[in-house]
Every structure is written in structure tokens, then in C-alpha cells.
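Heads up: the structure comes next, in C-alpha cells.
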Amino acid sequence: MTRTYLGSLGVIGPGIPDWHTARAVLRGERRYEPGPAPRPDAAVLPANERRRAAESVRWALAVAQEATSAGGCRPGEVATVFATSGGDGETLHRICEALAGAEREISPTRFHNSVHNAAAGYWTIAAGSRKPSVSVCGYDASFAVGLVEAVSQVHAERVPVLLVAYDLPYPQPLHAVRPFAHPLAVALLLAPEPVPGTLARLDVEVALEASACTPFPAALPAEFAGTPAGRSLALLASVARGGHEAVRLGYLDGCQLVVDAVTWS
């Protein structure tokens, strides 16, 4: 079991524009109100990069900025882990369209947004960061894979690590083979020791013998559960409610990730 401390959170999705709103909904203090998908402006980026940034990058940067701001740290001072199941679907769709056409010419901007670590690259520009950054993928378990990587870095290096998990729906026809409807991005600022304002202590371990995963929060629409990053919401619900709870998340090869979450008052 590996211990880390959750310092702050960032969240963005339809009807949940930030962690403050998400926390109230998950605690039952506020009813979820459906709304259109937000359009983050990526104001942290210089103008040229802002024009080139894909939509998924804007979402990732929005929650990264919320978490670092709430945690009272300089964005460029933390290592990062970015986790997404498939990168930017709109960019992949446009590239496939170009390759299927007569000209077969691919925009350089489309190409550089197609790589899996595009969000990490934009973040280093926005934050002026030279800290280590890792981009991971684990299909539906991408959030859990990212959490393991981030917690491992915190434990091994004794430094704060920002985990950013994000997934946006694909356009058709890709959506037909990878169907999920609700975009979502979350960010967790993790640290080796508690500091004033720490939200929770997280003890993380991989369980080789799987049992039932923690149910998806009833306060949110079930459609979020189909989004790979939405698997984070069971853990966020535990933090929002407070107390002490073991959260079980789907992991790789039939295993589970067990997160023993102790919320601090």
C-alpha cells in the first residue's frame, strides 16, 4: 500500500464547471443541472498556442489550472501525469478524413495535436515547466493507470505530482466504435506530506483478486460512467462526502485499484 495526500482538485464537465459545484452535487447539497459542454478558453497559453490547441487540451489545462491554483502552488513547480484513453478524437477524425481524400495532405497543426502527449506539451508551455511529465493510456482504466503512476512518483521522488485525466467523445464514425457521450476532465494535486488545506489521505494498492467496483455516484447522470475519466468520480464522491471509505476502481488485467480514502476535516 502506497500513501499520498490529496491537496486539491479540479473538475470540468457538462453541468459541473468546477470542483466547488461537483462537491456540492456529490454531497447532495445541490441538484445536478444538465448543461452544454463548457468551452475553456485556455487563457494560460500564449496567443499563438491558444489558437492551435485542440479542445481536449483546453479541458486538460482548465482542470490543471484549477487544481494548482486551489493548492496554492506554482504550476511550473510540479511534475505531471496526463492520462487519457484516446487523445483528441476530433483531431484523429480530421486526419482520417484527410487520408481518405484525394489530396491526402495533413495539417501540421493537426499532426502535432494528434500525439498522445499533446496536452503535456501545451501545459509545459503554459506553466513554463521543466519538471518531469508522463502521458499514459489504459483504455477504460486510464484514470487508474494515471493514479498509480502519479502516486508512485510521489512515493519514490517525494515531490508533488499533478494528475490530469481527460476524455472527450469522438465524432462519428469513430464514436460508433468508441461510444461515450459526456466529456470530463479531472485533476488531482498529490503530495508526499499533508499541508494546510489538504483534502484527504489516499492509501493506494492493486488488488489481484477483484470484487465489485464501487458504485457510480447516484447524484450524477449515469452517462458520465461511460467516459473513461468518469471512473474517477467514485473517488471524488468519497472525498466530497467525507469520512473513511475504501474505493475500488477497475484496473488492468482483471485487477482492481483499491484507494483507502480518509477525508480530512
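The values are calculated or read from the model by the stated rules, or taken from the named source; none is laboratory data. Predicted model only: the values in this text are computed from it and were never measured. Because the Cβ atoms are built from the backbone with ideal geometry, glycine has one as well, and the counts that use them run over all protein chains shown.
Numbers below:
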{"item": "Check on A79, surrounded by 22 or more Cβ atoms within 10 Å (Cβ to Cβ), within 29 Å of W264 (Cβ to Cβ) and touching a strand residue (DSSP E or B) at 6+ places or on another chain (Cβ under 9 Å)", "result": "no"}
{"item": "Single match in A156, A165, A191, A210 (criterion: out of contact with any Phe, Trp or Tyr (no Cβ under 9 Å at 6 or more places or on another chain) and hydrophobic (A, V, I, L, M, F, W, C))", "result": "A156"}
{"item": "Pairs with Cβ under 9 Å, 6+ apart, first in segment 46-70 and more than 9 Å from G10 (Cα to Cα), second assigned to a loop (DSSP other than H, G, I, E, B) and polar (S, T, N, Q)", "result": "S56/T84; A60/T84"}
{"item": "Those residues of segment 36-88 which are out of contact with any helix residue (DSSP H, G or I) (no Cβ under 8 Å at 6 or more places or on another chain), charged (D, E, K, R) and farther than 15 Å from L190 by Cβ, in sequence order", "result": "R50, R51, R58"}
{"item": "Looking only at segment 97-148, and only at residues there that are closer than 30 Å to A207 by Cβ and of a type in the set (S, T, N, Q), the one that is nearest to the chain's Cα centre (by Cα)", "result": "S142"}
{"item": "Near pairs, Cβ below 7 angstrom, 6+ apart or cross-chain, from segment 109-120 (without any contact (Cβ under 8 Å) to a residue 24 or more places away in the chain) to any residue that is among the polar types (S, T, N, Q) and assigned to a helix (DSSP H, G or I)", "result": "R110/T91"}
{"item": "Residue count for segment 248-264, restricted to those that are within 17 Å of the chain's Cα centre (by Cα) and not aromatic (F, W, Y)", "result": "4"}
{"item": "Entirely in segment 128-216, the strands (runs of 3 or more DSSP E) that have 2 or more residues that are farther than 30 Å from C96 by Cβ, out of contact with any Gly (no Cβ under 9 Å at 6 or more places or on another chain) and in contact (Cβ under 8 Å) with a residue 40 or more places away in the chain", "result": "200-207"}
{"item": "Cβ-Cβ under 8 Å pairs, at least 6 apart or on other chains, segment 19-37 side outside any helix (DSSP H, G or I), far side surrounded by 13 or more Cβ atoms within 10 Å (Cβ to Cβ) and β-branched (V, I, T)", "result": "R30/T21; R31/V25; Y32/I16; Y32/V25"}
{"item": "A219 at pLDDT 95 or above, surrounded by fewer than 24 Cβ atoms within 10 Å (Cβ to Cβ), more than 24 Å from D88 (Cα to Cα) and in contact with a Phe, Trp or Tyr (Cβ under 8 Å, 6 or more places away or on another chain)", "result": "yes"}
{"item": "Residue in segment 120-139 that is of a type in the set (S, T, N, Q), surrounded by fewer than 20 Cβ atoms within 10 Å (Cβ to Cβ) and over 21 Å from W59 (Cα atoms) present", "result": "no"}
{"item": "Checking S8 against (1) assigned to a helix (DSSP H, G or I); (2) crowded, with 20+ Cβ neighbours inside 10 Å, the condition it does not meet", "result": "(1)"}
{"item": "Filter pass, A141 being closer than 26 Å to M1 by Cβ, of a type outside the set (D, E, K, R) and touching a Phe, Trp or Tyr at 6+ places or on another chain (Cβ under 8 Å)", "result": "yes"}
